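First the structure, in the form of structure tokens, and then the observations on it.
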Amino acid sequence: MCGILGSLNIVVRKEDLNLISHRGPDSYGLDTFKLGDHELFLGHKRLAIVDLTEAGHQPMFSACGNYGLIFNGEIYNHNELRLKMKDVHFKGHSDTETILYYLKKYGIEGLKDFNGIFAIAFFDFKDKKVIIARDPHGVKPLYYFQGPNSIIFSSEIRGLRKHSSGNLNIDNLATLLKLRYNLSPETIFSDIKKVRPGHYLEVNYESSELTYTLGSFFTPQNFRYKKRFRDAVKDYGQKITSSVERQLMSDVEVGVLLSGGIDSALVAALASKKVNYRIKAFTVGFEGQDDSNEIEEASRTAELLDLEHHAIKIGFDDFLGTLRKCNSIVEEPIATTSFVPMYYLSALASKYVKVVLSGQGADEPLGGYFRYKGEVLHSLIPTSLSKVLISFLKILPTKKERLIRGINSLSEPDDVKRFVRMYSIFSDDEIFKLINHNENKAYDLISYLYDYLKCTNTKTSAERMMRIDSRGNLSDDLLMYSDKITMNFSLENRVPLLDLDFVQFVESLPSSYKVKFGKGKIIHKEFAKSLLPSEIINRPKKGFKSPTEVWFKSNIGSIKEILLSTNTNFSKYFDQKEIQRIISRHLAGENMEKQIFLLLSLCFWFEENSK
């Protein structure tokens, strides 16, 4: 595990590498090469978890000297891959060394065999090319900037900023307002991109001019599981158990991020059976009475599973005071309020361990969100009837934001258009009023995923949406902020429920084994009955969130002071009368917490990135 920073024809110095020192405080490496007309710089910061010796040091080079590697992440099946390379004399037991020789032998095709989380830069000095690649779920971020006949790539944007113009891409800002995050390959910056999950960028430097090839190494699941449900539950148990066991791969102790829900409890229960120490569990909660506070439930789970439990509470002053700091860490503005409590949770866990497992990633492939149940409903209702239902539902006194989005999408027959409506937190009209610019990218970005993941091969629209979410908002929103915030504290967050083998199995299951109208994560909960008491399994879903709906109302003065200040870069782009209307809607009872949170996040982004 480390942070990576590398380039062709852009000078990288130690002070540049130190910008990502939090990702790897244990050691560092920086090498420079003259390659004909080009200069190559390779840098890494290491967080030592597997093979703590110098045998795991990076940059790493093959014995022949023709290949090199810098790598951020973990490959959980690397010992299995070593069995395919019996002719190699390995110096240590690190997965870095496995990757180096595996890619030497199999090239780009070898990427598809890696079950893990990774951002990889592989250097083939013989054929004069560099390959950078990101894992299929995008657990590890990977950014790049292309200059005149040059490229620089990094685990974080801060490694690229001094080379970037820093200019805002107004089209991407509009899409961010619509989707609440920037979907790969876009960022809010005009000249910084993200490698898409499951994709690679090959840079050829054989001639004096660099050439680039973009491609994918991930193949979507086409196998369809045909056994009965009770057999599926048994197979599910074997798959999830193997996933957790694989991700316990470590030469240091592993902890668990524990909520009050079923996902992290199940991960903790399975992990406890595989280690010879009492697992430490960590929970964040909130001051006062609020239904988002999970400390009591998590404490009960820890008691039932015999975990060593540690918890911390935060209040609004902590929340707003830390939001600016968190925004800087995450680097990309998003509307997801949970990244602030994640900051405190990560700070707590990092005092005790270097590695944690979390239950993150269960909802998308297993149908845990409300919107998937809405897709089931959409498939059952004829278009003519859905229009009548929409008219009826709109007169109900509901203020639930997710229900409003669901209602607005019901009558749309086109999958991608309906998904975009369901994802949107600002309408096209609201976006134009806010920034005087039309949104024009969301449909194409979701369409790319729809085609790339071969969604037409799946039987239900709920499955299609789940596939897109598993490589879209999960990758570039939830996993992105989780990685950056945990790594800010030199803490690695692993996600067993996104294990590649496990997710491929889940996506092969019939949709009815995962989600029905009114039910989600069906097979997940059925298997959990064999390990967890009913009081954990049957708890109402809270999700990892913040009580911002209430906090924003009771502290509206502070919010207005930030968002409605004049003569700021934020105020140059955003219509303040429209922001005032959004705040007024929230005070009147309509839950606009995500919209307000995104505007705050953007305000702080403009503040930090103004030039």
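Every number in this text was worked out from the coordinates using simple rules, so none of it is lab data. What you see is a predicted model; the values in this text were computed from it and never measured. Methodologically, a virtual Cβ is constructed for each residue, glycine included, from the backbone with ideal geometry; neighbour enumeration extends over all protein chains shown.
Our estimate of slack between Ser530 and His89, defined as 0.36 nm per intervening residue step minus the Cα-Cα distance, is 154.4 nm.
A straight chain from Asn66 to Gln238 at 0.36 nm per residue would run longer than the Cα-Cα distance by 57.8 nm.
Taking the three principal axes of the alpha carbon atoms in the range 216-268, the coordinate ranges are 38, 34, 19 Å, sorted in descending order. Note on Lys34/Leu380: beta-carbon distance plugged into 1/(1 + (r/R0)^6) with R0 of 51 Å gives a FRET efficiency of 0.20.
Based on C-alpha pairs under 8 angstrom that are at least 6 apart in sequence, the chain has a relative contact order of 16 percent. Computed over the chain, the percent of Cα pairs more than 34 Å apart is 41. Counting only Cα atoms, the range 198-240 measures 61, 18, 10 Å along its principal axes, largest extent leading. Note on Phe370 and Asn204: the model spin-label points, each 7 Å out from Cα along the C-beta direction, lie 5.1 nm apart.
With only the Cα atoms considered, the range 482-548 has a convex hull volume of 159 Å³ per residue.
Separation of the range 202-271 and the range 481-515, taken as the distance between their Cα centroids, equals 6 angstrom. Ordered from longest to shortest, the equivalent ellipsoid semi-axes for the range 491-611 are 41, 19, 14 Å, each the square root of 5 times a Cα gyration tensor eigenvalue.
In a fully extended conformation the segment linking Glu296 and Asp127 would gain 55.0 nm over its present Cα-Cα distance, using 0.36 nm per residue. Here the chain is treated with +1 on each Lys and Arg Cβ and -1 on each Asp and Glu Cβ, and its dipole about the Cα centre works out to around 1440 debye. Value of Rg to Rh for the range 444-533, rounded to two decimals, is 1.02; Kirkwood radius and Rg both from alpha-carbon coordinates. Here the mean projected area of the convex hull built on the C-alpha positions of the range 175-260 is 12.2 nm².
Sorted on the mean count of surrounding Cβ atoms within 10 Å across their residues, most packed first, peptides 458-467, 311-320, 362-371 read 362-371, 458-467, 311-320.
Remark: spin-label model distance Ala588-Tyr212 equals 4.6 nm, labels positioned 7 Å along the Cα→Cβ axis. Where only DSSP H runs of four or more residues are counted, the chain gives -12000 deg cm²/dmol as its mean residue ellipticity at 222 nm, each run worth -39500 (n - 2.57).
Consider all pairwise Cα distances in the range 108-256 and report the whole-number % of them above 23 Å. So the portion of pairs separated by more than 23 Å is 53 percent.
Taken over the alpha carbons of the range 237-334 as equal point scatterers, the Debye sum produces base-10 log I(q)/I(0) values at 0.16, 0.19 Å⁻¹ of -0.80, -0.96.
Among the listed pairs Lys178/Lys417; Lys234/Lys525; Lys140/Lys514; Lys325/Lys484; Lys178/Lys325, those whose Cα-Cα separation exceeds 18 Å are Lys140/Lys514; Lys178/Lys325. When the range 17-151 is described by a simple charge dipole with +1 on each Lys and Arg Cβ and -1 on each Asp and Glu Cβ, the residue from Phe90, Phe71, Phe125 located farthest towards its positive end is Phe125. Convex hull volume of the Cα atoms of the range 59-105, normalised per residue: 71 Å³.
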